[in-house]
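Contents: one structure, followed by commentary.
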Amino acid sequence: MAGPSATGNFAQAGLSAQRDNQALLKATLENSPDYSKIVQEVAVRKGKEEIASARAEQKVRKAKLEQYTATKNKKVVQDAEYDYKKSKAKAGKLAAAGGAIGGGLAMLAPSGRKKREVGAEDSFFQSRIDSNKAKAEEFRTQAAAIGTSGKMPGITPIGGESSGTNTGSSATSTTSGAGDNQSNSGDFSMQYMKKLTGAGMSDEQAAATVGHLRVETGGFKHMEELAPNVHGTKGYGHLQWTDPTPGSGRRTDFMNWSKSKNLDPQSFDANSGFLVHEITSNYNGSWTGGGSFGGLQQTGSLEEASGYLQNNFIRPGVPHTERRLAEGNNVLQQWRNYNSGN
């Protein structure tokens with residue numbers, strides 16, 4: 001049995017061990033990692049990375065949006081430019097087709113109206129305006145020469161009365177319209193279609209030819225050109241045959257040919273006969289620019305035939321191309337109606 005001293009020693013040893021354990025626990029607590037702080041720091045770092053990633057993604061999206069917007073804007077501009085050019089081209093065609101109408105409007109326009117400044121892009125329309133002004137002046141000159149009787153002095157209309165001094169151009173005469181089948185214009189048109197198709201022309205080629213004749217004579221109303229041409233002479237006949245100098249040229253050829261056939265130069269037989277003779281034989285070099293009757297026969301559409309004749313055989317001083325095409329199409333339709341009724 002242990003004595004009192006031994007018991008004290010055990011107690012002292014237990015107390016010392018307890019203090020050592022406390023010191024060890026304290027040291028352990030002081031030196032152990034602060035896991036909550038570590039977790040917090042990890043969360044902060046992760047948050048910063050996510051923010052940086054989001055910002056980077058935002059920049060990429062912004063760059064893509066800017067690129068898309070720039071591309072879209074460029075396409076919009078290109079489409080607008082294309083539409084503008086297309087609209088301008090269409091306007092040009094309408095302006096060309098409406099030349100004759102524009103001439104009449106030019107006559108009606110107030111003379112005191114201020115002229116709009118014209119930009120480079122309007123040069124085509126300005127030229128059209130200038131052309132129409134010239135036509136309006138020509139119309140006014142013609143009107144000034146008309147007497148109170150309403151007849152042009154000195155003109156012998158085809159199949160009509162005599163009337164006064166030549167003051168205009170047959171190329172600007174009004175062509176015949178409704179009721180054409182009962183008019184000289186309609187009668188002559190169908191007679192010419194029979195004669196020209198019989199001479200080897202297609203319906204389209206013949207109609208194109210007659211369309212030119214109708215414009216040249218104002219619907220077969222005027223045998224002689226209403227005003228002196230650029231040569232200072234006047235054309236005569238259904239094709240308004242012209243002498244570049246008095247007594248020498250296609251007018252004189254026509255007169256001499258008619259005389260040799262004992263035909264009246266105002267008759268249909270004289271005019272149609274000489275036209276067929278001239279156009280099929282290249283009489284006295286009537287075809288120019290490499291054109292020929294064989295070349296005309298190779299044309300297909302009425303438009304092609306009309307242009308071929310205009311450039312190589314008719315050669316008008318004032319083209320009036322749209323009117324020539326319109327008359328040719330009217331004749332072709334009239335011819336088809338004529339044949340369907342027979």
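Restricted to helices (runs of 4 or more DSSP H) entirely inside segment 220-323, those with at least 1 residues that are β-branched (Val, Ile, Thr) and at pLDDT 95 or above are 250-260, 268-281.
Here is a yes/no grid of residues against (1) over 14 Å from Ala207 (Cα atoms); (2) of a type outside the set (S, T, N, Q); (3) within 25 Å of the chain's Cα centre (by Cα); (4) crowded, with 19+ Cβ neighbours inside 10 Å:
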position	(1), (2), (3), (4)
Thr245	yes, no, no, no
Ser248	yes, no, no, no
Asn256	yes, no, no, no
Asp264	yes, yes, no, no
Ile279	yes, yes, no, yes
Gly290	yes, yes, no, no
Tyr308	no, yes, yes, yes
Gly328	no, yes, yes, yes
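For segment 309-327, give me the residue count where each residue is within 20 Å of Glu278 (Cα to Cα) and touching a residue at least 24 places away in the same chain (Cβ under 8 Å).
Narrowing segment 309-327 to residues within 20 Å of Glu278 (Cα to Cα): 309-317.
Still in the running and touching a residue at least 24 places away in the same chain (Cβ under 8 Å): 309-310, 312-317.
So the count comes out to 8.
Checking Lys234, Lys221 one by one, the residue that is within 21 Å of Met193 (Cβ to Cβ) and touching a Pro at 6+ places or on another chain (Cβ under 7 Å) is Lys221 and no other.
Per-residue answers, yes or no, for (1) under 22 Å from Leu332 (Cα atoms); (2) among the charged types (D, E, K, R):
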| position | (1), (2) |
| --- | --- |
| Gly211 | yes, no |
| His238 | yes, no |
| Glu278 | no, yes |
| Ser281 | no, no |
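Right, Phe313: surrounded by 15 or more Cβ atoms within 10 Å (Cβ to Cβ) and within 30 Å of the chain's Cα centre (by Cα) or not? Let's see the steps before the verdict.
On the way: surrounded by 15 or more Cβ atoms within 10 Å (Cβ to Cβ): yes; within 30 Å of the chain's Cα centre (by Cα): yes.
Yes, satisfied.
The values are calculated or read from the model by the stated rules, or taken from the named source; none is laboratory data. Keep in mind that this is a model prediction, so the values were computed, not measured. No Cβ is skipped: glycine too gets one built from the backbone with ideal geometry, and neighbour counts run over all protein chains shown.
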